[in-house]
Structures are given as structure tokens and as C-alpha cells.
1. Using only the Cα atoms of the stretch 30-96, build the gyration tensor, take square roots of its eigenvalues as a ≥ b ≥ c, and label the shape rounded, prolate or oblate: rounded if a/c is under 1.5, else prolate if a/b is larger than b/c, else oblate.
2. Note down the nm distance, to one decimal, between modelled labels 7 Å out along Cα→Cβ at Ala33 and at Glu92.
3. Pop a pseudo-label 7 angstrom from the Cα along the beta-carbon direction at both Ser26 and Val75 and give the gap in nm to one decimal.
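The numbers here are math on the coordinates, done by the rules we state, and not lab data. Since the model is a prediction, treat every value here as computed from it, not as a measurement. Please note: Cβ atoms are built from the backbone with ideal geometry, for glycine as well, and neighbour counts cover all protein chains shown.
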Amino acid sequence: MSYKSLPSGISAGGGDSTSNNPRLSSFISAHPAVAGLSSPSSAEDLAKMAVSNPKVLKYPLAVNWDEGEVSIGSVDGVKEIIENMRKRRDSEMSSSSDTPMKPKGWWF
């Protein structure tokens, strides 16, 4: 999974105990040590799985909470989040959208 907007519905205590949450499953690695484990039904289950076996999670995992961006298991996705943060800092991109802005430069 590369960079994208943060999926809604991921919250601690959330999740339906009768069915697996596909959004939480996107955090699970394909590592052989994970084979045979059931998918988490809540964020708490995912956290417990990660504490007991860190190989359960996909890495790298980067989140920009301010803009609702996430990258799971993709170095290129992390680079894109960092580049977007730089563009927002340098006023090349407006916040919460991909609309380019004219840079202000160093002098006001």
C-alpha cells in the first residue's frame, strides 16, 4: 500500500467482533511468521498482535495526522508524505488539498 488518505473507521475499540475489519488487515505483513494468524477485528487486537510479534506489521508505517495521510509498507509512500509536508511548509501546496500555490519565497 502506498501513500493515500487515512482510512476512516480505524479507531481503538472499533471493529465488529463477528467479522474481520479489512482496513485493519492492510496493516498485516505477509511475513511467514504471521501465517495462520487470524485477522484483527479491532485496533486493540492489532496492537496486541504487534506487541507479541513485531513481524506482524508492515513497515515502514508513516502517518501525517494533521493532513490525514498514511503510508503502509511503502518507502515511496513515506517519501511522498514527506515531500507533501515540505510543499505545505514552503507554501507550494495548500493544506488538505493538492492545489499548487505560488511560493512566497524568503521575503514577505
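1. Cα axes put the stretch 30-96 in the prolate bin.
2. My value for the distance between the label points is 3.8 nm.
3. Each label point lies 7 Å from its Cα, and together they span 2.2 nm.
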